[in-house]
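First comes the structure, then the notes that go with it.
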Ligand SMILES: Cc1cc2nc3c(=O)[nH]c(=O)nc-3n(C[C@H](O)[C@H](O)[C@H](O)COP(=O)(O)OP(=O)(O)OC[C@H]3O[C@@H](n4cnc5c(N)ncnc54)[C@H](O)[C@@H]3O)c2cc1C
């Protein structure tokens, strides 16, 4: 007979929940995990991974096209979207199977059903009560809908990732990370893409200069980006959709598919917030402290359900912080979200991608830091030229301490380069330390060093300014 008393119950098996469950088991806790949907949550099933699968194949296609344009390759890239979608499903299966294996191998009991929580220390599922000293809520988020007349004629990001055919004309409402990633992928597959974004600019929280550069590159690739454009009505027009929107003047356009990518909001299905007395933020996310403790003792919350950076790696870090607190380990400061050291890597997997960590120049200035910026163009880097990659690297340093406080990259490899960049921000690398660091040649990483040195006019390969 299965027991029903555990050290820890985790509700939700997305990146936050499954990683916290495994980390707790490795600390010797007995752990029960409830997952009502699919193990791996949004990230593995309908988020990060499937989106990156589609983007990777799109990037390969772009590379082939670029080489064909140069007459290095003889045949233009022909592809089977059906096979691409099959490949996406296979990768999801492989990864979710891997996580299920890890949970089992670490002795985590998984119940594949929705749980409800109305009382601290007790979760209920299918008429059974399960008890635990501590509970972690990791129930995630869902696509936000906005009250536009005709919103029922749109599809969400989950449906957009699983389309059977490439739409000829694609309209995307929302120029956030998810909207722009889908725009990038489908543009490469041949859709005529228009993005309608209500804000005056894309990604207002990121570096203005670098985002302007990114936007120019995306427009160059053929994506129509309308900022400051509010969608008023969507109508069915035969097999297509007619979208009425207003920017400087009222306009309309047709799409075979309209994706609504207006952001995501925290969900806590089955969690009786009122009865438990859980405090919420103004955005109706679960409020937590730096240890991920909610307002109710022994109930923790992590991941998208608490808002902030709605990123899988933020959810992992929050899970680790919660487990460290539960097992009474030395306090584990969270990178970024609440510690005041904003190293949280932030990626937009567009083509080209954007990656940032630490402070932007304007954030540094708002904090009263006398900041200095350095840059290095992909056009001056041997590896970038060999790969046919274009882009720009920017490093922000504190003029007084000569320490690295931020890095922003637009260009191929940005998400991978970010690990190295985040470390330099976390450690606050000085210009002297950058000079002493030997970076492999040729590599894209060289550009981060050059941009850092450029802050103080010491870049060897950079343009003379
Ligand atoms: C298209 C797209 C692309 C993305 N790309 C990236 C990316 O490149 N990088 C990145 O870092 N992030 C990305 N994200 C965001 C990322 O997916 C989320 O930040 C991450 O999945 C959050 O993890 P989580 O564990 O908090 O929640 P989720 O992954 O949402 O998991 C929550 C789980 O809890 C389960 N659940 C809910 N309530 C209950 C209950 N009562 N009982 C049992 N189970 C329950 C749900 O079924 C779900 O499986 C992307 C998201 C989308 C939509």
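Residues that are without any contact (Cβ under 8 Å) to a residue 24 or more places away in the chain, assigned to a loop (DSSP other than H, G, I, E, B) and surrounded by 14 or more Cβ atoms within 10 Å (Cβ to Cβ) occur at least once in the stretch 64-78. Applying the selection to the stretch 287-300, what residues are crowded, with 24+ Cβ neighbours inside 10 Å and either over 13 Å from residue 276 (Cα atoms) or free of Cβ contacts under 8 Å to residues at least 60 places away in the same chain (or both)? If the condition is that a residue be crowded, with 24+ Cβ neighbours inside 10 Å and either over 13 Å from residue 276 (Cα atoms) or free of Cβ contacts under 8 Å to residues at least 60 places away in the same chain (or both), then 288, 292 are the ones that fit. Scanning the stretch 358-390 for residues that are within 27 Å of the chain's Cα centre (by Cα) and at positive phi gives 358, 388.
Filtering the stretch 85-122 to residues that are touching a strand residue (DSSP E or B) at 6+ places or on another chain (Cβ under 9 Å), in a helix (DSSP H, G or I) and closer than 30 Å to residue 164 by Cβ leaves only 100. Of the residues screened, residue 177 is not one that is within 16 Å of the ligand (Cβ to nearest atom) and surrounded by fewer than 16 Cβ atoms within 10 Å (Cβ to Cβ). If the condition is being within 14 Å of the ligand (Cβ to nearest atom), crowded, with 16+ Cβ neighbours inside 10 Å and part of a strand (DSSP E or B), then the stretch 133-151 contributes 135, 136, 137, 141, 143.
Considering only residues in the stretch 32-70 that are in contact with a helix residue (DSSP H, G or I) (Cβ under 6 Å, 6 or more places away or on another chain) and away from the ligand (no atom under 16 Å from the Cβ), the one that is nearest to residue 95 (Cα to Cα) turns out to be 61. The residues of the stretch 123-132 that are assigned to a strand (DSSP E or B) and either more than 8 Å from the ligand (Cβ to nearest atom) or under 26 Å from the mean Cα position of the chain (by Cα) (or both), listed by number, are 123, 124, 128, 129, 130, 131, 132.
Scanning the stretch 152-164 for residues that are in a helix (DSSP H, G or I) and either surrounded by 17 or more Cβ atoms within 10 Å (Cβ to Cβ) or within 16 Å of the ligand (Cβ to nearest atom) (or both) returns 153, 157, 158, 159, 160, 161.
Count of the stretch 303-329 residues, restricted to those that are within 15 Å of the chain's Cα centre (by Cα), in contact (Cβ under 8 Å) with a residue 40 or more places away in the chain and part of a loop (DSSP other than H, G, I, E, B), is 2. Considering the conditions (1) surrounded by fewer than 21 Cβ atoms within 10 Å (Cβ to Cβ); (2) part of a loop (DSSP other than H, G, I, E, B), residue 39 is excluded by exactly one of them, (1). Taken over the stretch 263-302, residues that are farther than 19 Å from residue 123 by Cβ, assigned to a loop (DSSP other than H, G, I, E, B), within 12 Å of the ligand (Cβ to nearest atom) and at pLDDT 95 or above amount to 1. Checked against the criterion of being touching a strand residue (DSSP E or B) at 6+ places or on another chain (Cβ under 6 Å) and surrounded by fewer than 18 Cβ atoms within 10 Å (Cβ to Cβ), the candidates 236, 232 yield just one match: 232. Across the stretch 183-196, the qualifying residues are those that are closer than 18 Å to residue 220 by Cβ and in contact with a strand residue (DSSP E or B) (Cβ under 7 Å, 6 or more places away or on another chain), and the one among them that is farthest from the ligand (Cβ to nearest atom) is 192. Select, from 351, 383, the only residue that is under 30 Å from residue 312 (Cβ atoms), in a helix (DSSP H, G or I) and at pLDDT 95 or above. Being under 30 Å from residue 312 (Cβ atoms), in a helix (DSSP H, G or I) and at pLDDT 95 or above holds for just one of 351, 383, which is 383. Residues of the stretch 323-334 that are modelled with pLDDT of 95 or more and within 16 Å of the ligand (Cβ to nearest atom): 323 alone. Quick check, is residue 82 in contact (Cβ under 8 Å) with a residue 40 or more places away in the chain, part of a helix (DSSP H, G or I), away from the ligand (no atom under 16 Å from the Cβ) and under 27 Å from the mean Cα position of the chain (by Cα)? So residue 82 fits the description; yes. Conditions: (1) at pLDDT 95 or above; (2) surrounded by 12 or more Cβ atoms within 10 Å (Cβ to Cβ); (3) over 23 Å from residue 276 (Cβ atoms). Residue 111 meets all but one. Number of the miss? Residue 111 satisfies all of (1) at pLDDT 95 or above; (2) surrounded by 12 or more Cβ atoms within 10 Å (Cβ to Cβ); (3) over 23 Å from residue 276 (Cβ atoms) except (3). Name the residues in the stretch 420-460 that are surrounded by 15 or more Cβ atoms within 10 Å (Cβ to Cβ), farther than 16 Å from residue 398 by Cβ and more than 30 Å from the chain's Cα centre (by Cα), would you? Hit for the stretch 420-460 is 459, nothing else.
Output the residue which, of all residues in the stretch 1-31 that are touching a strand residue (DSSP E or B) at 6+ places or on another chain (Cβ under 6 Å) and part of a loop (DSSP other than H, G, I, E, B), is nearest to the ligand (Cβ to nearest atom). Restricting to residues being touching a strand residue (DSSP E or B) at 6+ places or on another chain (Cβ under 6 Å) and part of a loop (DSSP other than H, G, I, E, B), the top hit is 13.
The values are calculated or read from the model by the stated rules, or taken from the named source; none is laboratory data. Predicted model, so just to flag it, every value in this text is computed and none were measured. FYI the Cβ positions are ideal-geometry reconstructions off the backbone, even for glycines, and counts take in every protein chain you see.
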